[in-house]
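S.K.: First the structure, then my questions, so here it is.
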Amino acid sequence: MPVLISLLMVVGTGVGVVLATAGGKPAGSSSSSPVPSARPKSGSSAAPVVPLLAGNIDANGAVPAVTATPAASTGSAVTPKVAPLHGLRQADLLVIAPFTLSSQVRAAVSRQPGVTSAEPLEAAKVTINGSPQAVLGVDPSTFRAYAAGPTATSNPLWQGVAGGGVAVSYTMGTLDKLSLGGGLTVTGRQPEHLRVVAFGTVGIGGVDAVVSDAVARSLGMPAANAIVVSAPPASLPALVNDVKGVLPRGASVEPLISVTAQPSAAGLPAGSVSTTAGLPAGSVSTAGGAMTAADLTTALRAAESREGLPYVWGAAGPSSFDCSGLVQWSFAQAGVRMPRVAADQARTGPAVPVSQLQPGDLLFYHTDPTAPGYISHVAIYLGNGWMIQAPQPGMNVQIVAANFGSQFAGAVRVYLRLAANVAAGLA
């Protein structure tokens, strides 16, 4: 079973509402005009431009979960207990290896300047219902502090995980039409049937399922092959190098930007997405390798050629897509290597203000009430106030007026080297 080499994500920032509308559906993909100020003409597409998965659910409300059941391994009639939450910890770095990381390695990581906490866990790709998914094996009592706020505070979720169940991301549960309280077939050493105990995103990009350490090891995941690290963000660049110096050969470390951290008034400007590239909003760096006009045209034409094809959770073309699958496939037609999930695609270039959008820029959205800061949807900007997206089950790939409302997280301009580096780190 292949081990997941790195798990990355990016936190979206709070943005103001910007009314961006269209003066007509794009005739082609070569336009570079700014976002028009006029509203769409009467009769233009008025379809929802972002899948409103959260509906009217309060982002600070309860995570969907079922009553915990006794741990199968003990046969106990007592509901599994987990320690109460004593504050949130920001997940800033992830150390991961295809083998167990010893207690000596964990101690060495913990001693690095700036490290405030370090938690061992399991991380691997496991087949769930026939599809490979990134899964974490955790101690529910201690790992919960590193999760997104609403997920971290959900006692039923962590009790269910402690009892041998699986918690899946809100997006996976909703879009894959899973049944809360129903079962999943998880294939490790042998197929196992696990109960879905909750829909709650932990907040690490690409991770769609969480189980207990015991379940992870029964599936064949290497014991304690990963460490999640919390440290002040200002120390991260130097800390990455320091941590690398104490790791055994074959282990790696990648920065995370935790969704548990909320944007402050002094945060990034409206219309920006934080990236580990360290580039300010709207900046241009030739070192990043901006896409050529020809490559952008190829990618946009590829995306537009998929209009009308069905949305399928986890699909990446050529005949069906989810939101990030459409982005990955379209850019691949221009020879651009992109990571698979939206949260990682948000790391593939510098942030771009709405006023400077160009065709080919990626637009990102928050649609998950269990992780309000998590990037959970992506679309491709076409110019003239239009975008193309794979929206949600039951809908097809569509060209619609771009949306910069309350769920908008920001935009990035794809740079070849950054995209390739992020994709390579997730191989």
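The values are calculated or read from the model by the stated rules, or taken from the named source; none is laboratory data. A quick note: this is a predicted structure, and the numbers were derived from the prediction, not measured. Positions of Cβ are generated from backbone atoms using ideal geometry, with glycine treated the same way; all protein chains shown enter the neighbour counts. We work out accessible area using only protein heavy atoms, side chains counted, and drop any ligands, DNA or RNA first. Shrake-Rupley method; radii C 1.70, N 1.55, O 1.52, S 1.80 Å.
S.K.: For the stretch 66-106, enumerate the residues that are at pLDDT below 85 and hydrophobic (A, V, I, L, M, F, W, C). Walk me through how you get there before you give the answer.
M.R.: Taking the stretch 66-106 and keeping what is at pLDDT below 85, we get 66-79.
Val66, Ala68, Ala71, Ala72, Ala77, Val78 - these are the residues of the stretch 66-106 that are at pLDDT below 85 and hydrophobic (A, V, I, L, M, F, W, C).
S.K.: Of the residues that sit in the stretch 164-193 and are open to solvent by less than 10 Å² (accessible area, probe 1.4 Å), more than 19 Å from the chain's Cα centre (by Cα) and not β-branched (Val, Ile, Thr), which one is farthest from Leu136 (Cα to Cα)? Reasoning before the result, please.
M.R.: So the first thing to find is which residues in the stretch 164-193 are open to solvent by less than 10 Å² (accessible area, probe 1.4 Å), and the list is 165-169, 172-173, 184, 186.
In the following step, the residues that additionally are more than 19 Å from the chain's Cα centre (by Cα) were identified as 165, 184, 186.
Filter once more, so that each one left must be not β-branched (Val, Ile, Thr): 165, 184.
Details: Gly165: 13, Leu184: 16 Å.
Here the answer is Leu184.
S.K.: Next question, about the same structure. Would you please name the residue that is most open to solvent (accessible area, probe 1.4 Å), looking only at residues in the stretch 376-409 that are in contact with a Lys or Arg (Cβ under 7 Å, 6 or more places away or on another chain) and closer than 22 Å to Ala343 by Cβ? Walk me through how you get there before you give the answer.
M.R.: Let us first name the residues in the stretch 376-409 that are in contact with a Lys or Arg (Cβ under 7 Å, 6 or more places away or on another chain), namely 386, 393, 397, 399.
Those still in the list that are closer than 22 Å to Ala343 by Cβ too: 393, 397.
Details: Pro393: 37, Val397: 5 Å².
Among them, the one singled out is Pro393.
S.K.: Select from the stretch 325-358 the residues that are of a type in the set (Ser, Thr, Tyr) and touching a Pro at 6+ places or on another chain (Cβ under 8 Å) and list them in ascending order. Give the steps one after another, and end with the answer.
M.R.: Taking the stretch 325-358 and keeping what is of a type in the set (Ser, Thr, Tyr), we get 330, 348, 355.
Matches in the stretch 325-358: Thr348, Ser355.
S.K.: Tell me, which residue of the stretch 203-238 that is assigned to a helix (DSSP H, G or I) and modelled with pLDDT of 90 or more is surrounded by the most Cβ atoms within 10 Å (Cβ to Cβ)?
M.R.: Here is the first cut: in the stretch 203-238, the residues assigned to a helix (DSSP H, G or I) are 213-218, 233-238.
Now drop any that are not modelled with pLDDT of 90 or more, which leaves 213-218.
Working: Asp213: 21, Ala214: 15, Val215: 27, Ala216: 25, Arg217: 17, Ser218: 18.
Of everything passing the filter in the stretch 203-238, Val215 is surrounded by the most Cβ atoms within 10 Å (Cβ to Cβ).
S.K.: While we're on this one: If we scan the stretch 346-357, do we find a residue that is assigned to a helix (DSSP H, G or I), out of contact with any helix residue (DSSP H, G or I) (no Cβ under 7 Å at 6 or more places or on another chain) and closer than 19 Å to Ala294 by Cβ? Break it down stepwise before answering.
M.R.: Within the stretch 346-357, the subset assigned to a helix (DSSP H, G or I) is 354-356.
Applying the additional criterion that residues be out of contact with any helix residue (DSSP H, G or I) (no Cβ under 7 Å at 6 or more places or on another chain) yields 354-356.
Those still in the list that are closer than 19 Å to Ala294 by Cβ too: none.
So far as the stretch 346-357 goes, no, none of its residues is assigned to a helix (DSSP H, G or I), out of contact with any helix residue (DSSP H, G or I) (no Cβ under 7 Å at 6 or more places or on another chain) and closer than 19 Å to Ala294 by Cβ.
S.K.: Moving on. Checking the condition over 15 Å from Val412 (Cα atoms), touching a Leu at 6+ places or on another chain (Cβ under 7 Å) and modelled with pLDDT of 95 or more, which residue from Ala299, Ala379, Ala303 passes? I'd like the intermediate steps shown before the answer.
M.R.: Values: Ala299 fails: touching a Leu at 6+ places or on another chain (Cβ under 7 Å); Ala379 fails: over 15 Å from Val412 (Cα atoms).
Criteria check complete, one pass: Ala303.
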